[in-house]
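Take a look at the structure set out below.
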Amino acid sequence: MINFLNIKKHCVEYQYKSGISNSMWAYCYCRDVQDRKEVRQYITEPYWAYQYCSLIKDRKQVAKNITSSVDALRYCLEIKDSKKIRQFIIRKEHIVRYNKFKSKQC
């Protein structure tokens with residue numbers, strides 16, 4: 001069996017030829033092959049971190065990389081309302097949507 005982790009690690013040009021980012025590659029590897037700690041460290045982009053937490057498993061190590069307003073909003077609404085993640089909800093329309101969501105819960 002081909003060890004894709006070694007291919008990625010030793011062939012830097014692989015990511016440029018394939019046109020995918022390290023985060024997307026690591027997310028797809030964890031989803032399709034095996035969820036491994038050494039691969040999860042490469043999931044650093046907010047969108048792919050949210051996707052990982054949403055579809056694979058909510059892990060603090062990955063969730064800390066959710067730093068965009070829209071992905072932080074989606075995380076807080078759909079997965080877990082975390083104070084650390086909530087601080088990244090900064091766009092006005094996202095704040096309004098979050099506040100509507102919280103007012104309906106009470």
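Laboratory data are not the source of any read-out in this text; all were calculated from the coordinates shown. What you see is a predicted model; the values in this text were computed from it and never measured. Positions of Cβ are generated from backbone atoms using ideal geometry, with glycine treated the same way; all protein chains shown enter the neighbour counts.
Here are some notes:
- Per-peptide packing, taken as the mean over residues of other Cβ atoms within 10 Å, places 73-86, 31-44 in the sequence 73-86, 31-44 from highest down.
- Cα shape, segment 23-105, gyration tensor, a/c 1.5 rule: prolate
- Taking 20 Å as the straight-line reach from the Cα of residue 83, the aspartates and glutamates in range (excluding those fewer than 8 positions away in the same chain) are 45, 58, 71, 93.
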